[in-house]
Amino acid sequence: MNKKMMQYIDILPEIQTALDNGEAVVALESTIISHGMEYPLNVQCARRCEEIIREEGAVPATIAIIKGRIKVGLTYDELEYFGTEKGIRKVSRRDLAMVVANGKDGATTVAATMIISEMAGISIFATGGIGGVHRKAQETFDISADLDELSKTSVAVVCAGAKSILDIALTLEVLETKGVPVIGYGTDDFPAFYTRASGFGVDERMNDPETVAAFLSAKWNLGINGGVVIANPIPVAAEMDEAYITAEIEKALAQSEIDGIKGKEVTPYLLKHLFGATEGKSLASNLELVYNNSRIGAKIAKAYAK
Ligand code: PSU
Ligand code: MN
């Protein structure tokens with residue numbers, strides 16, 4: 001990182017040491033904390049993700065913006081503050097510098113977390129789901145900035161695929177156009193977040209962390225910059241019934257149209273509605289898949305660090 005960048009970024013000493021020594025570090029995002037779940041579950045989930053990454057022998061780096069400071073790693077108190085504070089701005093690429101300049105708090109999306117990870121030198125990032133092409137994007141133009149970021153920022157994102165609040169086929173098309181490899185971790189089928197399969201294929205199936213690590217090394221050593229989607233299906237035990245969750249997603253989408261929800265409010269609105277409508281079942285599944293991604297992310301980071 002150059003000096004100009006360094007003035008805005010605080011990296012926890014433990015993380016900086018791990019990075020300096022070429023050890024495994026896994027980034028975690030913060031939109032999931034402020035916009036994805038309610039307190040105290042959001043903070044418990046964030047802590048459990050960090051714990052899982054540690055159990056695997058890697059160092060977690062939860063990324064967020066607090067009072068204009070870009071944080072790579074949150075202290076115990078900072079995470080507590082972030083998880084309880086109301087009205088935190090959701091920060092994607094375009095918001096990042098504004099929040100820093102204004103000294104505000106910001107929750108980093110996949111896109112913003114990728115940008116900061118790359119600045120800090122972190123190559124592996126674990127989350128729940130990525131943003132994508134929304135259904136009816138032909139009319140609304142609602143395509144997540146996550147996809148553009150994946151095309152240019154060299155970070156591997158371990159996720160459980162994409163929710164069917166999105167148009168999965170179009171999301172995969174855009175990723176193809178943008179040259180983003182989509183790896184199926186132990187699967188040939190691109191996962192649909194709450195369910196293990198979407199019916200759409202991945203570019204390549206890889207079954208272990210070493211294979212993924214070798215691929216990432218080849219890509220980036222060759223100077224082929226840009227991100228990678230590592231799609232890791234939800235564990236079997238946590239999977240939801242497809243017909244049930246699909247019906248609930250349809251209802252949430254219909255309600256979002258009635259309520260006139262637009263722009264960056266769309267994803268948080270739909271998630272909240274789903275949690276309510278499924279009486280917490282989707283939330284329980286969500287937790288399990290995030291933990292699973294944290295674990296696999298750590299294993300890949302370990303293999304990549306070797
Ligand atoms: N998908 C989920 N859960 C989430 C998000 C996406 O299943 O919490 C969050 C992520 O932070 C992602 C962001 O980067 O929403 C995408 O928002 P948008 O569609 O406005 O780009
Ligand atoms: Mn959007």
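The values are calculated or read from the model by the stated rules, or taken from the named source; none is laboratory data. Just so it is clear, the structure is predicted and the values come from calculations on it, not from any experiment. When we count neighbours, we look across all protein chains shown, and the Cβ atoms used for this are built from the backbone with ideal geometry, even at glycine. The accessibility values were calculated without ligands, DNA or RNA, using every heavy atom of the protein model including side chains. Shrake-Rupley method; radii C 1.70, N 1.55, O 1.52, S 1.80 Å.
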I'd like the full set of residues that are within 12 Å of ligand 2 (Cβ to nearest atom) and in contact with a strand residue (DSSP E or B) (Cβ under 7 Å, 6 or more places away or on another chain), limited to segment 136-156.
ALA137, THR140, ASP142, ILE143
Give segment 100-119 a look and list any residue that's in contact with a strand residue (DSSP E or B) (Cβ under 8 Å, 6 or more places away or on another chain) and away from ligand 1 (no atom under 16 Å from the Cβ), or say none.
VAL100, LYS104, MET119
Criterion: at negative phi and either open to solvent by 20 Å² or more (accessible area, probe 1.4 Å) or not in a loop (DSSP other than H, G, I, E, B) (or both) - qualifying residue of GLY83, GLY128, GLY179, GLY87:
GLY83
Kindly provide the set of residues from segment 121-164 that are closer than 17 Å to ALA298 by Cα and aliphatic (A, V, I, L, M), ordered by number.
ILE122, ILE124, ALA126, VAL155, ALA156, VAL157, VAL158, ALA160
Evaluate segment 293-301: report whether one residue or more is surrounded by 21 or more Cβ atoms within 10 Å (Cβ to Cβ) and within 12 Å of ligand 1 (Cβ to nearest atom).
yes
Name the helices (runs of 4 or more DSSP H) wholly within segment 7-62 that hold at least 1 residues that are over 21 Å from GLY106 (Cβ atoms) and not polar (S, T, N, Q)?
13-20, 41-55
Check on SER217, in contact (Cβ under 8 Å) with a residue 40 or more places away in the chain, touching a helix residue (DSSP H, G or I) at 6+ places or on another chain (Cβ under 9 Å) and surrounded by 19 or more Cβ atoms within 10 Å (Cβ to Cβ)
no
In segment 223-279, what residues are in contact (Cβ under 8 Å) with a residue 60 or more places away in the chain, open to solvent by less than 70 Å² (accessible area, probe 1.4 Å), within 16 Å of ligand 2 (Cβ to nearest atom) and not in a helix (DSSP H, G or I)?
none
Answer yes or no as to whether PRO209 is surrounded by 15 or more Cβ atoms within 10 Å (Cβ to Cβ), of a type outside the set (Val, Ile, Thr) and touching a residue at least 60 places away in the same chain (Cβ under 8 Å).
yes
